[in-house]
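**Q** Below you will find the structure I want to go over with you.
The values are calculated or read from the model by the stated rules, or taken from the named source; none is laboratory data. Given the structure is predicted, the values throughout are model-derived calculations rather than measurements. Counting neighbours? That spans all protein chains shown, and the Cβs are built from the backbone with ideal geometry, glycine included. In case anyone asks, the SASA skips ligands and DNA or RNA and just uses the protein heavy atoms, side chains included. Shrake-Rupley method; radii C 1.70, N 1.55, O 1.52, S 1.80 Å.
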Amino acid sequence: MYDTEKLGTDVNQNDTKISARNVQVYYGDTHAIKDVNVDIGSKAVTAFIGPSGCGKSTFLRCINRMNDTIDVCRVEGDIKIDGEDIYDKRVDPVQLRAKVGMVFQKPNPFPKSIYDNIAYGPRIHGLAKNKAELDEIVEKSLRRGAIWNEVKDRLHAPGTGLSGGQQQRLCIARAVATEPEVLLMDEPCSALDPIATAQVEELIDELRDQFSVVIVTHSMQQAARVSQKTAFFHLGNLVEYGDTSQIFTNPKDERTESYITGRIG
Amino acid sequence: MTDASLPNAGATPKSGSLHEIDARTKKRNAAEKRFRVYGVAAIATGIIFLIVLLFAILTNGLGAFHQTFISVPVYLDEAKLDKKGNRNIDDIKKVSTFGYNPLIQKAVLKAVEDAGIETPLTKSKNMKALVSASAAAQVRQAVIDNPALIGQTVEFRFLASSRVDGYLKGRVHREHLARDKNIDAEHLDIVDGLLPSGVVKKSFNPAFIFGADASESRAEQAGIGVSMIGSLFMMLVVLFLALPIGVAASIYLEEFAPKNRWTDLIEVNISNLAAVPSIVFGILGLAVFIQFMHLPQSAPLVGGLVLTLMTLPTIIISTRASLKAVPPSIRDAALGVGASKMQSVFHHVLPLAAPGILTGTIIGLAQALGETAPLLLIGMVGYIASNPPGGVVEGLMSPNSAMPAQIYEWAKRADPAYYERAWGGIIILLIFLISMNTLAVLLRRRFERRW
Ligand SMILES: Nc1ncnc2c1ncn2[C@@H]1O[C@H](COP(=O)(O)OP(=O)(O)O)[C@@H](O)[C@H]1O
Ligand SMILES: [Mg+2]
């Protein structure tokens, strides 16, 4: 079997943002993530690909400790962000999640106004001193989410009234409003039509300037289009990790090859 | 052409013609039709029962809202009411209601004479059976409130006695008078004679809605108002205890508690509690609140506590159901932007669940409002609440009754006039329940889930 430990360090990455060592995840007795080692670069888009049920989402959710909310879930090993262990006792997951934003598979705006959707995070983290500052954050976030022009005239309309693609960009804007450093996206385009998908992909490419983006996708074309690094998961193992171009043109592991050529998955 | 079609005509097609219905389909259709007929019949039966019930309630109960009154000018004789003539309020108060009765009877007799009614009842004492026993107290109160009335002739509107009222409502029949020692046929002749001039008149009686209960012999005076206040105080206790406790318990169980054997056990027990007969809560209340904690008997506070115990499971179950109905993606969204568990619950989940919680609470309150059995055991039945409470503390602590208990009490009394009042009380209780349930439906409609 491929030596994943070596894989992770193999990657020539000057500034590592997230580093995972010997991560194991169990759901009760199910061993969902098996000894994963990976270094995720800063200011880059990293894609997780792999067949359904291979543990992509599970691993992604380890990075902002969303798995804490699942009773039966147990995480072992080390995950460090900027060299700090996020599973350390001193870490408050709430604070961590402000630093590691997340966008979910299904667009899930709050059933509140567009403005309140964006303003919620900054409000609870005390990022704005007054209304003017909050307005500014809302505008900036909506611009980053590439949705400002579409909603600037109806900031107080409900966020749930937008189209699916708009809702997802709103959710991205909501995630960036708390000024995170890492942005996790779990199949953000799977509920969107091709046009909305293209818009979101374009947005992800722009977000790379400011954030470390980790995106789970079941679409290999999408991974190829938006990411610089790709990690291929299979049955809970991280099979192969490397530059996206290399993974897609010259995979080293035969399982990766079978997957990208459509033989497994 | 015919030749060509011959081979086909001989072979019967495997799957029959679509134009004729096969036996199997016919049977299925018949079964479906039968089922629909059963359904319609069931609903029709329900509606018929409902109509019969409503008809019975209205015909029996509407009478309670109308009462017969006798309006006569009463001469407030100074010689009887203030012998010393110096209008000293203490002296005036010394005259009991017995002192007033002759004046009232005289006034009624005068009205009878004025109307020119031929009657063997020529003594003022004979008029006693016509007027409610409450009349004397009414005049006395007026005099005490304003002693200047003494010596004048003042127009009063008295309640007629319940027999007179019953006669005008068709409840008291002349044929049965032989067995009734409260009234004679001659009295009824007088009533008939006084009707045209408007001295005896049936009109709307607000005292039934706002007044207090009365003794067995004064059915015409009894009202449901004071027990309504008793019910109101009980509902306040239930609302202020059951809502916060129920909602807090539900939020904890639904959002925070680990899923283990203990929480499973609690869950099962909550469902069981919802099915416990209310009288069990009544005896529990008697043992704990009255015998152990020495809270006053018949007090709305105790009633409210007992009903709180009874309503809690209902509120917890409906609150948990509405919390469960909030999609988990909302919780994820809140946690994802760094909200704490509690913030996610209070900022996002609870507002979305609120209409459901409110609906459940109102329905729980409506249930509690109509509950009678537990009140039997803590002494809220059979108590004659004669005065409305003076304040909140008194309202909670001093003995009172409650609407359903009052209705039960009236239904128990021998005088048929009370039977009518029991039905009237039911109308009022039903109006409360229907309004509460309508409010619940409206709230649910108004805040229909929007996500
Ligand atoms: N909440 C959960 N409880 C139990 N098992 C889970 C849970 N979530 C995921 N799993 C299991 O973990 C494995 C990985 O799931 P997941 O990470 O969702 O896969 P992917 O996102 O790659 O499709 C699957 O076998 C799945 O059944
Ligand atoms: Mg997934």
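**Q** Place +1 on the Cβ of every Lys and Arg and -1 on the Cβ of every Asp and Glu in the protein assembly as shown, take the dipole about the Cα centre, and give the residue among B:Val441, A:Gly242, B:Ile270 whose Cα lies farthest towards its positive end.
**A** Final value for the positive-end residue is B:Val441.
**Q** Further question on the same structure: Using DSSP loop states and a limit of at most 11 other Cβ atoms within 10 Å to flag trypsin sites (Lys or Arg not before Pro), what is the longest stretch of chain B containing no flagged site? Intermediate values should be presented prior to the final figure.
**A** On the way: sites that count: B:Lys14, B:Lys83, B:Lys84, B:Lys123, B:Lys181, B:Lys259, B:Arg450.
Value returned for the longest uninterrupted segment is B:260-449.
**Q** Now for a separate question. Using heavy-atom solvent-accessible surface (probe 1.4 Å) with all chains present, what is the largest-first order of B:Trp262, A:Trp148? Could you put the intermediate results ahead of the total?
**A** Working: B:Trp262 180, A:Trp148 35 Å².
Descending accessible area places them as B:Trp262, A:Trp148.
**Q** Mind putting together the pair-distance distribution for region A:4-260? All Cα pairs, 10 Å bins, whole percent per bin, short to long.
**A** 7, 31, 35, 20, 6, 0
**Q** Let me ask something else. Take the Cα atoms of the protein assembly as shown, find their three principal axes, and give me the spread along each one in whole Å, biggest first.
**A** Largest to smallest, the principal-axis extents are 125, 98, 53 Å.
**Q** Which of the lysines could be linked to A:Lys131 by a straight reach, that is with a Cα gap under 22 Å, when you skip same-chain ones fewer than 8 residues away?
**A** Cα-Cα hits under 22 Å: A:Lys112, A:Lys140, A:Lys152.
**Q** Pop a pseudo-label 7 angstrom from the Cα along the beta-carbon direction at both B:His19 and A:Glu206 and give the gap in nm to one decimal.
**A** 6.7
**Q** Another one. Is the shape of region A:31-93 best called rounded, prolate or oblate, per the rule: a/c under 1.5 gives rounded, else a/b larger than b/c gives prolate, else oblate, with a ≥ b ≥ c the square roots of the Cα gyration tensor eigenvalues? Present the calculation step by step, with values, prior to reporting the outcome.
**A** Values: a/c = 1.82, a/b = 1.07, b/c = 1.70.
Judged from the Cα gyration tensor, region A:31-93 comes out oblate (a/c at least 1.5, b/c at or above a/b).
**Q** Here's another thing I want to ask about it. For the full complex of protein chains and a 1.4 angstrom probe, list A:Glu206, B:Glu186 by accessible area with the highest value first. Show your work: numbers first, answer last.
**A** On the way: A:Glu206 100, B:Glu186 70 Å².
From most exposed to least exposed: A:Glu206, B:Glu186.
**Q** For chain A, what is the calculated [θ] at 222 nm in deg cm²/dmol (nearest 500), taking -39500 (n - 2.57) for each run of four or more DSSP H residues and dividing by its residue count? Spell out each step's value before the answer.
**A** Details: 11 runs with 99 residues, N = 265.
Calculated at 222 nm, the ellipticity per residue is -10500 deg cm²/dmol.
**Q** Also, quick follow-up: Let's see if you can work this out: charge +1 on each Lys and Arg Cβ, -1 on each Asp and Glu Cβ, no other charges. What is the dipole magnitude of the protein assembly as shown about its Cα centre, in debye to the nearest 20?
**A** Values: 76 positive and 73 negative charges, 385 e Å.
The dipole of the protein assembly as shown has a size of about 1840 debye.
**Q** Quick one, can you get me the convex hull of the C-alpha atoms of chain B expressed as volume per residue in Å³?
**A** With only Cα atoms used, chain B gives 312 Å³ per residue.
**Q** If you don't mind, there's one more thing I want to ask. Below 29 Å, Cα to Cα, which lysines can B:Lys128 reach? Residues fewer than 8 away in the same chain don't count.
**A** B:Lys80, B:Lys83, B:Lys84, B:Lys93, B:Lys94, B:Lys106, B:Lys110, B:Lys169, B:Lys181, B:Lys201, B:Lys202, B:Lys412
**Q** When the convex hull of the C-alpha atoms of region B:285-376 is computed, what volume per residue in Å³ does it have? Each step should come with its number before you reach the end.
**A** On the way: hull volume 9.7 nm³, N = 92.
Hull volume normalised by residue count: 105 Å³.
**Q** Follow-up. Just the Cα atoms of region B:84-145: what Rg and Dmax do they give in Å?
**A** When restricted to Cα atoms, region B:84-145 yields Rg and Dmax of 13.7, 42 Å.
**Q** A further question on this structure: For a protection proxy built on the mean count of beta-carbon atoms within 10 angstrom, sort A:257-263, A:84-90 highest first, please. Write down the numbers at each step before the final one.
**A** Details: A:257-263: 14.7, A:84-90: 11.9.
Taking the mean over residues of other Cβ atoms within 10 Å, the ranking is A:257-263, A:84-90.
**Q** Any chance you could get the radius of gyration and Dmax over the Cα atoms of region B:66-204, in Å?
**A** For region B:66-204, the Cα-based Rg and Dmax read 15.6, 52 Å.
**Q** From the backbone phi of region B:341-355, what are the Karplus-calculated ³J(HN,Hα) couplings (6.51 cos²θ - 1.76 cosθ + 1.60, θ = phi - 60°) in whole Hz, Gly and Pro given as x?
**A** Computed from phi, the couplings for region B:341-355 are 3, 5, 5, 4, 6, 7, 7, 10, 6, 4, x, 6, 8, 3, x Hz.
**Q** Quick one: what are the phi-derived ³J(HN,Hα) couplings along region A:89-95, Karplus 6.51/-1.76/1.60 with θ = phi - 60°, whole Hz, x for glycine and proline?
**A** Once rounded to whole Hz, the list reads 4, 6, 7, 8, x, 5, 5.
**Q** What lysines could a cross-link reach from A:Lys80, if we take a straight Cα to Cα line under 24 Å and drop same-chain neighbours fewer than 8 places away?
**A** A:Lys6, A:Lys17, A:Lys34, A:Lys43, A:Lys56, A:Lys89, A:Lys99, A:Lys229, B:Lys341
**Q** Which far-off residues, 5 or more places away or on another chain, put their amide H under 5 Å from the one on A:His234, with H placed in the peptide plane?
**A** Counting only residues 5 or more places away or on other chains, the set is A:Val239.
**Q** Helix-only mean residue ellipticity at 222 nm, chain B, DSSP H runs n ≥ 4 weighted -39,500 (n - 2.57), per residue, nearest 500. What is it?
**A** Working: 19 runs with 265 residues, N = 451.
Value at 222 nm, helices only: -19000 deg cm²/dmol.
**Q** Expressed as a whole number of Å, what is the distance separating the alpha-carbon centroids of region B:195-221 and region A:111-184?
**A** Cα centres, region A:111-184 to region B:195-221: 67 Å.
**Q** Here is a further query. Calculate the mean, over all residues of peptide B:325-336, of how many other protein chain Cβ atoms lie within 10 angstrom of the residue's Cβ.
**A** Numbers: counts 0, 1, 3, 2, 6, 4, 2, 9, 13, 6, 9, 16.
For peptide B:325-336, the averaged partner shielding equals 6.
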